[in-house]
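Engineer: Before I ask anything, let me first share the structure, which is written out below as structure tokens.
The values are calculated or read from the model by the stated rules, or taken from the named source; none is laboratory data. Since this is a predicted model, take the numbers as computed values, not measurements. Using ideal geometry, Cβ is built from the backbone for each residue, glycine included, and neighbour counts are taken over all protein chains shown.
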Amino acid sequence: MSTTPPTVQLVGVRKAFNVGTPIETEVLHGIDLTLQPGEFCAVMGPSGSGKSTLLNLVGLLDRPTAGRLLIQGQDVATLDDAALTRLRGRSIGFVFQYHHLIAAFSALENVMLPMLGQRGFPDPAMQARAAELLAAVGLAEVAGRPADRLSGGQQQRVAVARALAMQPPLLLADEPTGNLDTVSAEAVFMLLRRFSAESGTAVLFVTHNPALAQRCDRLIEVVDGRIKPG
């Protein structure tokens, strides 16, 4: 009987900076973490606790100093930089506190960007997928509007749609509601929850909002570079 591997698995992961120098500093100290398909987990912790470092490792933006990191059963230590880039583009979506949209591009064009990065040229299927996602986040009527003419809440919803363009098995959301008013923050949170449930996308949702964290499947607390026992 075949089993689906965890979306993310960290085993004894450590991360140090300035390795081999007198100022070497270890930021993560033996992290063990497993994230299953469709699991929606909040990540909380004080500033400097190692949350961003953990997210960068899981997002394949950096490599562990020690330990094992697996994405859908693939040990990333076996991959060169080009293969890591391909895996990141195919398997991981990102939603940040700041939406990082291209201001002069329309909402539709911004959502198409990850697909363009993978395929190299636009096609009708790509445009249809972007339009479908914009409709799903309630923005069909502004698909042709430049990003700099959208409200903050609309821009963040475009960013959510863009992150889901490749139907990634993993989505990393780093304070995606931090700059939004209460109504917009709730809308973005519920969008992420719905897409996770419908598509089986695993989500790591970094937040400083305890009320939102309590509504996630699991809370991961990072303190002084370690995951606090739950």
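Engineer: Restricting to the range 20-35, and then to whatever is in a strand (DSSP E or B) and among the β-branched types (Val, Ile, Thr), can you tell me which residue is surrounded by the fewest Cβ atoms within 10 Å (Cβ to Cβ)?
Structural biologist: The selected residue is 25.
Engineer: Select from the range 80-95 the residues that are more than 14 Å from the chain's Cα centre (by Cα) and of a type in the set (A, V, I, L, M, F, W, C) and write down the one among them that is nearest to residue 180 (Cα to Cα).
Structural biologist: 84
Engineer: For residue 21, work out the one condition from (1) free of Cβ contacts under 8 Å to residues at least 60 places away in the same chain; (2) closer than 20 Å to residue 87 by Cβ it doesn't fulfil.
Structural biologist: (2)
Engineer: Among the residues of the range 68-102, which ones are under 26 Å from residue 207 (Cα atoms) and small (Gly, Ala, Ser)?
Structural biologist: 89, 91, 93, listed by residue number.
Engineer: Sort out for me the strands (runs of 3 or more DSSP E) sitting completely within the range 36-101 that have 1 or more residues that are modelled with pLDDT under 90, surrounded by fewer than 20 Cβ atoms within 10 Å (Cβ to Cβ) and in contact with an Asp or Glu (Cβ under 8 Å, 6 or more places away or on another chain).
Structural biologist: 92-96
Engineer: Among the strands (runs of 3 or more DSSP E) lying completely within the range 118-223, list those that include at least 2 residues that are modelled with pLDDT under 90 and crowded, with 22+ Cβ neighbours inside 10 Å.
Structural biologist: Output list is empty.
Engineer: Further question: In this structure, is residue 62 more than 18 Å from the chain's Cα centre (by Cα) and closer than 29 Å to residue 26 by Cβ?
Structural biologist: Criteria not met by residue 62.
Engineer: Shifting gears a bit: Is it the case that some residue within the range 185-197 is closer than 30 Å to residue 26 by Cα and not hydrophobic (A, V, I, L, M, F, W, C)?
Structural biologist: No, the range 185-197 contains no residue that is closer than 30 Å to residue 26 by Cα and not hydrophobic (A, V, I, L, M, F, W, C).
Engineer: Within the group 176, 229, which residue is touching a residue at least 12 places away in the same chain (Cβ under 8 Å) and either on the phi < 0 side of the Ramachandran plot or aliphatic (A, V, I, L, M) (or both)?
Structural biologist: 176
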